[in-house]
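Have a look at the structure below before the remarks.
The values are calculated or read from the model by the stated rules, or taken from the named source; none is laboratory data. Owing to the predicted nature of the structure, the values given are computational and were not obtained by experimental measurement. Heads up, the Cβs are rebuilt from the backbone with ideal geometry, glycines too, and the neighbour counts pull from every protein chain shown. What goes into the accessible areas is simple: the full protein's heavy atoms, side chains included, and nothing from ligands, DNA or RNA. Shrake-Rupley method; radii C 1.70, N 1.55, O 1.52, S 1.80 Å.
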Amino acid sequence: MKFFHAVFAISIFLLLTSCEKNITPFVSEQAEASLSNFILKNAHLELSDELIACAAGGQRVLWEDPVFPISVIFYPVDGATNFRYFETASVGVDPDDFSRYSEKKFADVGIFNGYLRRFLRNPVDRDVWGRVVYETPGKLHISNAIRIKLVDKPSQFAPELCQIDLTTATEPRFQWQDGIIPENAIYFHVVSDEFGNLISGTYTYDKHFRFYDLSNVVLNIRDVNPPPTLEPNKKYIFTMLGVSLDNWVNLAMEKEFLTQ
């Protein structure tokens, strides 16, 4: 979230809006675990908003796990280390007050063979705010606030809402509809091979994307040269996440297709 090759004036976009850099040096009773204290301890690092993250969970969503039904998904830029997750006790606090966030120790695992990662979170009985943090050389990256809405608005897994037009087999057109929660601000889509390797990762405001037409793409997380291509007579997988302004995944889908 190679990932930040352009700056877009899209303040509504959940994943790219900047994190706050004017931080009050307040140390709470949970000083050792608070995000504000963590920032103070790393004052030698430049704060960066270059960290894209969101969360999904609930209905049978992607990467389902009965013990850890919530996935806090993020993109680790090249050189990223020291992945951490911080969370508030409830949603009824100022999401921009870093002293309200305490570190939670959850395992993180790779998806798409490590191109993205996710923290595995156990269930919650109320809405909370979360943020992902990691380091790169000289920088401390902090994501925008993520509202975990497992209870009120569980993510919907609905591959039946996606249609794939294979008229031109190696340039398929993907089109989808919103699900039961029509609050999506942007759509993240991945084309991967049958072994889980990410081939393309793109964002659009539109509910459609043609491989590999970037005319309606607002962010490309795999900007490589030459651009990626699909081979004929091969199996691929299309994955799409519809994400709201507060970085919660309302809609998830995954669908296989064959380029023939």
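The table below gives the values:
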read-out	value
Of residues in region 16-33 being open to solvent by less than 80 Å² (accessible area, probe 1.4 Å) and touching a strand residue (DSSP E or B) at 6+ places or on another chain (Cβ under 6 Å), the one modelled with the highest pLDDT	Ala33
Residue check, Glu64 part of a loop (DSSP other than H, G, I, E, B), closer than 28 Å to Glu254 by Cα and in contact with a Phe, Trp or Tyr (Cβ under 6 Å, 6 or more places away or on another chain)	no
Glu64 being out of contact with any Leu (no Cβ under 9 Å at 6 or more places or on another chain), of a type in the set (D, E, K, R), modelled with pLDDT of 70 or more and over 19 Å from Ile146 (Cα atoms)	yes
Considering residues of region 116-173 that are over 23 Å from Leu51 (Cβ atoms) and aliphatic (A, V, I, L, M) only, the residue least open to solvent (accessible area, probe 1.4 Å)	Ala158
Hits in region 196-227 - residues which are in a loop (DSSP other than H, G, I, E, B), open to solvent by 10 Å² or more (accessible area, probe 1.4 Å) and under 26 Å from Val132 (Cβ atoms)	Gly196, Asn197, Tyr205, Arg222, Asp223, Val224
Yes/no for Asn197 being more than 17 Å from Gly110 (Cα to Cα) and among the polar types (S, T, N, Q)	no
Yes/no for Ser71 being surrounded by 15 or more Cβ atoms within 10 Å (Cβ to Cβ), among the polar types (S, T, N, Q), assigned to a helix (DSSP H, G or I) and touching a strand residue (DSSP E or B) at 6+ places or on another chain (Cβ under 8 Å)	no
Of residues in region 86-101 being hydroxyl-bearing (Ser, Thr, Tyr) and crowded, with 18+ Cβ neighbours inside 10 Å, the one nearest to Ile142 (Cα to Cα)	Tyr101
So Glu50, is it closer than 30 Å to Gly196 by Cβ, among the acidic types (Asp, Glu) and modelled with pLDDT of 95 or more	no
Some residue of region 69-88 being hydroxyl-bearing (Ser, Thr, Tyr), more than 25 Å from Pro154 (Cβ to Cβ) and either at pLDDT 95 or above or touching a helix residue (DSSP H, G or I) at 6+ places or on another chain (Cβ under 6 Å) (or both)	yes
Of all residues making up region 52-61, the number that are buried (at least 19 other Cβ atoms within 10 Å of the Cβ), more than 9 Å from the chain's Cα centre (by Cα) and in a loop (DSSP other than H, G, I, E, B)	1
Pair list, Cβ under 6 Å, 6 or more apart: region 222-247 residue on the phi > 0 side of the Ramachandran plot, other residue assigned to a loop (DSSP other than H, G, I, E, B)	Asn233/Gln260; Asn247/Leu14
Inter-residue pairs, beta-carbon under 6 Å, first farther than 20 Å from Tyr101 by Cβ and of a type in the set (Gly, Ala, Ser) and in region 135-154, second part of a loop (DSSP other than H, G, I, E, B) and open to solvent by 30 Å² or more (accessible area, probe 1.4 Å), 6+ apart	none
